[in-house]
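Chemist: Sending over a structure as structure tokens; questions will come in a sec.
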Amino acid sequence: MWVGVGALLMALGCDVGAPGECTAEGEGCVTDVDSGGGTGDGAVDAVGLVDRAQPRPTDLVSLELLPANPVLEVTRTVRPTVAFRAVARQRDGRTRELTGGVRFTLDDRRLGALTDASGMFTASGVGGQTAVRVSTVDGSALNAQTTLTVNARVTFEGPGVDATARMRVDDVTPGGAAMHAPQVDYPLEGAVMPLNVYAPNVQWTPRQPMGGAGDVYRVRLTRPHAVLEAYLLHGMGFTYAWQPPQEEWARFAQSDVGQPIEVRVRVVSRGTGFESARASFRTVDGVIAGSVYYWNPMRGRLVRLDVDVARRVDFMPNPGAPCIGCHTVSRNGQRLGGFLEGGGAEDLALYDLTRDLTPNPAPLLARQRYPLRRCASFNGDATRLVAGDCGANASTTRFQLINAMTGMEVAGTTGRAGDGFDPEWSPDSRLIAFTDRMNNLAVTPVMPGDMFGPTRVLHTAASSPDGNMDWHPTFTPDSRWLAYQHGETRRTAAATGGGTRGALWFLGADGGAPVRLDRASGGPMAFDSYRPLFSPFNSGGYFWLLFTTTRPYGNMFAGTRGAKQIWVTAINNHPDGRSDPSEVAYWLPGQESVTGLSPYWTPPPCRPTGTGCSTDDDCCSGECAMSPDGSTTRRCVPSTGMCRPRGRRCGGGSDCCEGLVCTDARLCDLPNPG
């Protein structure tokens, strides 16, 4: 026996040691797991593998990954592990466990961490099913795979809920009439949200007779391999709503991505069980972040809402006048323009959003007096503004081209930028879209050197039903498509219900037949959606579009009624130009429960790699350093810390982890397939 093994070791280029030893340490060893065919006493044989630097055929003919098809159960406190093993079969029929010379991989890393050398997997808390793979790295080109299933179940108990209360809900057979079952109000049926959306507030309306104190509710969100649920006891101040803790929601949202999330609300009231009809929505494999700047008319101030954490920031409490309105934000998130009002002033003020704007007054880039308040838009690189009439206050003044650093009108332009209302510059700076004086949708081509071509009408407003006004066009991030408001007004509706009608429409930037965005607008007979504005994000197969609507949000206890609120709809990023590319919208988490107007969505207000900086906080990479050319200039440099995962901000491609790119919206994301 040992003579034969020694000869084999010599042939494979491995030093021969004493019986039962392998002198090629670490990854050069395999362990015999076949109790038969060896010395007969159950001893484990060990054999050195080939030299990795000289790939050649080995005596291994197949590979198996064990355990086969394991299933793990995850809870709030339990994160199970499993040790995967690679077992090889030799030509002589014996099987051996490879303790080195193999590499383990996991198709979906959201489910947990897998050590590529040892095969140890630790669950992250995300549910789902994925393939685990193993392959040899010695030139034998063997591989194997198995299916890993992780079932995640996370349960919360509200104040006053004990095991008895839980059993009352779980064990009851809902027998109450359907008309008395809870009605799920939010999320909306069929809504589509990005993967990293902040936890939605699940809301319902109770309809059981004599409901109230002492009723026990179970709110359950279900996906094929994940359950997120809460047991709640009705008491003082109960609002018939439950918002999952953000950390647990983030894991649930990543479970079975793209599959519907089923929502059911069950209640036991006076001994009778009632359960809501099934409602469903989805999170999809897209990530968005950045900030939304909107106007709070009650306070006359701008609010910044940081989307990924749903946090409102009073970033500029003292703009320099009692009120700032008709604002615009550059697509790179670094410049803000708005008109200061009060005391008879109508001044265009420009600000650098990468600076601290909390002093009183906020530091200005420029301030210029204009005879009337105007609505404006930055070009792609934020060097120019185009300004025109706002929809609510018409004049006879044509569009103006403004220097975005000085605030002064640019002289000596060739051609005219246009004439009408609410101009919007395309991200690639090649077109300006607007509403002309006849309320039609029009575009003006833009050439280098402040030159403009002839204006062209894209859509005659009266040719579409339900109104004769097109308003507030906005370009997709690739500049190829436009969304706009069509209806009876060049503004949003009244603050309360019953305002003039408006809906969202979609059309190519080069023209064609328009398509009504029925799903985004709330259905073919809904007319309360206004003023669309595309975010800079193209992720998960979707563009992401903001708009304002007076539709109800949630229930009457925890939601909002009678206010203009900001919602988000996903728009297919490969529309066919004939069918509705939108999805059912979701409410933008974190906004105030009062009217919010004119939202602008931008990347994080930080500076990309290579631009000037003063402190680390200025930079998307988080690092500001002296320039390598020996000058005294400080510039943003690539991050020297850990790579940034998907959804985190970045200053350049080197900041992001392998397989990710830093998008134009300064977010680490998967490359867009185009």
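The values are calculated or read from the model by the stated rules, or taken from the named source; none is laboratory data. Nothing here was measured: the structure is a model prediction, and the numbers come from that model. FYI the Cβ positions are ideal-geometry reconstructions off the backbone, even for glycines, and counts take in every protein chain you see.
Chemist: Here are the criteria: (1) touching a Pro at 6+ places or on another chain (Cβ under 7 Å); (2) over 24 Å from ASP478 (Cβ atoms); (3) of a type outside the set (A, V, I, L, M). Tell me which single one CYS620 does not satisfy.
Modeler: (2)
Chemist: Now a separate question. Would you check which residues across segment 376-388 are part of a strand (DSSP E or B) and either modelled with pLDDT under 95 or of a type in the set (S, T, N, Q) (or both) and list them? Reasoning before the result, please.
Modeler: Keep residues of segment 376-388 that are part of a strand (DSSP E or B), which gives 376-378, 384-388.
SER377, the sole residue that qualifies.
Chemist: Taking into account only those residues within segment 216-269 that are part of a loop (DSSP other than H, G, I, E, B) and among the hydroxyl-bearing types (Ser, Thr, Tyr), which is surrounded by the fewest Cβ atoms within 10 Å (Cβ to Cβ)?
Modeler: So the first thing to find is which residues in segment 216-269 are part of a loop (DSSP other than H, G, I, E, B), and the list is 224-225, 234-240, 243-245, 255-260.
Of the ones still in play, those that are also among the hydroxyl-bearing types (Ser, Thr, Tyr) are 239-240, 255.
On the way: THR239: 13, TYR240: 25, SER255: 27.
Going through the qualifying residues, I end up with THR239.
Chemist: OK, next. Tally time: how many residues in segment 574-610 are under 30 Å from GLY652 (Cβ atoms) and surrounded by fewer than 17 Cβ atoms within 10 Å (Cβ to Cβ)?
Modeler: 2
Chemist: Which ones in segment 165-192 are among the polar types (S, T, N, Q) and either in a strand (DSSP E or B) or modelled with pLDDT of 95 or more (or both)?
Modeler: The first filter runs over segment 165-192 and keeps only residues among the polar types (S, T, N, Q), leaving 173, 183.
Within segment 165-192, just GLN183 meets the criteria.
Chemist: A follow-up question, please. Quick one: is ARG96 farther than 30 Å from GLY235 by Cβ, crowded, with 20+ Cβ neighbours inside 10 Å, among the charged types (D, E, K, R) and touching a residue at least 60 places away in the same chain (Cβ under 8 Å)? Spell out how you get there, then give the answer.
Modeler: Values: farther than 30 Å from GLY235 by Cβ: yes; crowded, with 20+ Cβ neighbours inside 10 Å: yes; among the charged types (D, E, K, R): yes; touching a residue at least 60 places away in the same chain (Cβ under 8 Å): yes.
The answer is yes for ARG96.
Chemist: When you scan segment 294-306, do you find a residue that is β-branched (Val, Ile, Thr), buried (at least 18 other Cβ atoms within 10 Å of the Cβ) and more than 21 Å from the chain's Cα centre (by Cα), even just one?
Modeler: Step one: of segment 294-306, the residues β-branched (Val, Ile, Thr) are 303.
This time we only want the ones that are buried (at least 18 other Cβ atoms within 10 Å of the Cβ), so: 303.
Add one more test, that the residue is more than 21 Å from the chain's Cα centre (by Cα), and what stays is none.
Looking through segment 294-306, none of the residues is β-branched (Val, Ile, Thr), buried (at least 18 other Cβ atoms within 10 Å of the Cβ) and more than 21 Å from the chain's Cα centre (by Cα).
Chemist: Turning to a different aspect of this structure: Which strands (runs of 3 or more DSSP E) sit wholly inside segment 576-652 and have at least 1 residues that are charged (D, E, K, R) and over 18 Å from ASP308 (Cα atoms)? Give the derivation first.
Modeler: Details: elements: 597-602, 624-626, 634-636.
It comes to 634-636.
Chemist: Here is a list of conditions, (1) hydroxyl-bearing (Ser, Thr, Tyr); (2) in contact (Cβ under 8 Å) with a residue 12 or more places away in the chain; (3) not assigned by TED's automatic domain parsing to the domain that holds ASP478, and THR632 meets all of them except one; can you say which number that is?
Modeler: (2)
Chemist: Residue by residue through segment 389-426, note down the ones that are more than 17 Å from PHE339 (Cα to Cα) and part of a loop (DSSP other than H, G, I, E, B).
Modeler: Residues satisfying the conditions are THR396, ARG398, VAL410, ALA411, GLY412, THR413, GLY415, ARG416, ALA417, GLY418, ASP419, SER426.
Chemist: Then there's this: Check off (1) over 18 Å from PHE452 (Cα atoms); (2) touching a residue at least 40 places away in the same chain (Cβ under 8 Å); (3) surrounded by fewer than 21 Cβ atoms within 10 Å (Cβ to Cβ) for GLY391 and give me the number that stays unchecked.
Modeler: (3)
Chemist: Right, something else. Condition test on LEU545, is it under 20 Å from MET193 (Cα atoms) and buried (at least 22 other Cβ atoms within 10 Å of the Cβ)? It would help to see each step written out before you state the result.
Modeler: Numbers: under 20 Å from MET193 (Cα atoms): yes; buried (at least 22 other Cβ atoms within 10 Å of the Cβ): yes.
Spelling it out, LEU545 is indeed under 20 Å from MET193 (Cα atoms) and buried (at least 22 other Cβ atoms within 10 Å of the Cβ).
Chemist: Looking only at segment 491-512, count how many residues are part of a loop (DSSP other than H, G, I, E, B), modelled with pLDDT of 90 or more and over 12 Å from LEU441 (Cβ atoms).
Modeler: The initial filter retains those residues of segment 491-512 that are part of a loop (DSSP other than H, G, I, E, B), namely 491-501, 509-510.
Adding the requirement that they be modelled with pLDDT of 90 or more leaves 501, 509-510.
This time we only want the ones that are over 12 Å from LEU441 (Cβ atoms), so: 501, 510.
Qualifying residue count for the region: 2.
Chemist: Spot the failing condition for VAL515; the list is (1) in a strand (DSSP E or B); (2) among the aliphatic types (A, V, I, L, M); (3) more than 24 Å from ARG490 (Cβ to Cβ); (4) over 25 Å from the mean Cα position of the chain (by Cα), and only one is missed.
Modeler: Failed condition: (3).
Here's the yes/no breakdown for (1) out of contact with any Asp or Glu (no Cβ under 9 Å at 6 or more places or on another chain); (2) at pLDDT 95 or above; (3) farther than 20 Å from TYR186 by Cβ; (4) not assigned by TED's automatic domain parsing to the domain that holds ASN538:
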site: SER276; (1), (2), (3), (4): yes, yes, no, yes
site: ASN296; (1), (2), (3), (4): no, no, yes, no
site: ARG299; (1), (2), (3), (4): yes, no, yes, no
site: ALA310; (1), (2), (3), (4): yes, yes, no, no
site: ASN318; (1), (2), (3), (4): yes, no, yes, no
site: ALA321; (1), (2), (3), (4): no, no, yes, no
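Chemist: Let me ask another. Take the residues in segment 631-674 that are among the aliphatic types (A, V, I, L, M) and in contact with a Lys or Arg (Cβ under 8 Å, 6 or more places away or on another chain); name whichever of them is surrounded by the most Cβ atoms within 10 Å (Cβ to Cβ).
Modeler: Start the filter on segment 631-674 by keeping residues that are among the aliphatic types (A, V, I, L, M), which leaves 637, 642, 660-661, 665, 667, 670.
The next check asks that each one be in contact with a Lys or Arg (Cβ under 8 Å, 6 or more places away or on another chain); those that pass are 660, 667, 670.
Values: LEU660: 21, LEU667: 28, LEU670: 15.
Across segment 631-674, the extreme among qualifying residues is LEU667.
Chemist: Any residue in segment 157-168 that is touching a residue at least 60 places away in the same chain (Cβ under 8 Å), of a type in the set (A, V, I, L, M, F, W, C) and in contact with a helix residue (DSSP H, G or I) (Cβ under 8 Å, 6 or more places away or on another chain)?
Modeler: The answer is no, given that none of the residues of segment 157-168 is touching a residue at least 60 places away in the same chain (Cβ under 8 Å), of a type in the set (A, V, I, L, M, F, W, C) and in contact with a helix residue (DSSP H, G or I) (Cβ under 8 Å, 6 or more places away or on another chain).
Residue-wise test of (1) over 33 Å from the mean Cα position of the chain (by Cα); (2) outside the structural domain of VAL257 (by TED's automatic domain parsing); (3) crowded, with 16+ Cβ neighbours inside 10 Å; (4) not in a strand (DSSP E or B).
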position: ALA68; (1), (2), (3), (4): yes, yes, no, yes
position: GLU73; (1), (2), (3), (4): no, yes, no, no
position: ARG110; (1), (2), (3), (4): no, yes, yes, yes
position: SER118; (1), (2), (3), (4): yes, yes, no, yes
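Chemist: List the pairs whose first member sits in segment 70-83 and is farther than 13 Å from ASN151 by Cβ, whose second member is at pLDDT below 95 and exposed (fewer than 13 other Cβ atoms within 10 Å of the Cβ), and whose Cβ atoms are under 6 Å apart, counting only residues at least 6 apart or on separate chains?
Modeler: none
Chemist: Can you report the number of residues in segment 194-232 which are of a type outside the set (Gly, Ala, Ser) and under 13 Å from VAL263 (Cβ atoms)?
Modeler: Step one: of segment 194-232, the residues of a type outside the set (Gly, Ala, Ser) are 194-198, 200-210, 215-225, 227-229, 231-232.
From the residues that got through so far, the ones that are under 13 Å from VAL263 (Cβ atoms) too are 200-204, 217-223, 227-229.
Of the residues in that region, 15 qualify.
Chemist: So if I check each of GLU623, GLU592, which one is in contact with a Ser or Thr (Cβ under 8 Å, 6 or more places away or on another chain) and of a type in the set (D, E, K, R)? If you could, list the steps in order and put the result at the bottom.
Modeler: Working: GLU592 fails: in contact with a Ser or Thr (Cβ under 8 Å, 6 or more places away or on another chain).
Of the residues listed, the single one that is in contact with a Ser or Thr (Cβ under 8 Å, 6 or more places away or on another chain) and of a type in the set (D, E, K, R) is GLU623.
Chemist: Restrict the check to segment 540-553 and report whether at least one residue is of a type outside the set (Ser, Thr, Tyr), over 28 Å from LEU431 (Cα atoms) and either part of a loop (DSSP other than H, G, I, E, B) or over 17 Å from the mean Cα position of the chain (by Cα) (or both).
Modeler: Taking segment 540-553 as the starting set, the residues that turn out to be of a type outside the set (Ser, Thr, Tyr) are 540-541, 543-547, 551-552.
From the residues that got through so far, the ones that are over 28 Å from LEU431 (Cα atoms) too are 551-552.
With either part of a loop (DSSP other than H, G, I, E, B) or over 17 Å from the mean Cα position of the chain (by Cα) (or both) added as a condition, the list becomes 551-552.
There is at least one residue in segment 540-553 that is of a type outside the set (Ser, Thr, Tyr), over 28 Å from LEU431 (Cα atoms) and either part of a loop (DSSP other than H, G, I, E, B) or over 17 Å from the mean Cα position of the chain (by Cα) (or both).
Chemist: Among the numbered criteria (1) more than 19 Å from PRO477 (Cβ to Cβ); (2) within 21 Å of the chain's Cα centre (by Cα), which one does ARG634 miss?
Modeler: Here ARG634 clears every test but (2).
Chemist: Does GLY286 satisfy being closer than 18 Å to LEU357 by Cα, within 23 Å of the chain's Cα centre (by Cα) and assigned to a loop (DSSP other than H, G, I, E, B)? Write out each step before concluding.
Modeler: On the way: closer than 18 Å to LEU357 by Cα: no; within 23 Å of the chain's Cα centre (by Cα): yes; assigned to a loop (DSSP other than H, G, I, E, B): yes.
The answer is no for GLY286.
Chemist: While we're on this one: Looking for whichever is modelled with pLDDT of 95 or more and out of contact with any Ser or Thr (no Cβ under 8 Å at 6 or more places or on another chain) here; the options are SER395, SER429. Which one fits?
Modeler: On the way: SER395 fails: modelled with pLDDT of 95 or more.
Among SER395, SER429, only SER429 is modelled with pLDDT of 95 or more and out of contact with any Ser or Thr (no Cβ under 8 Å at 6 or more places or on another chain).
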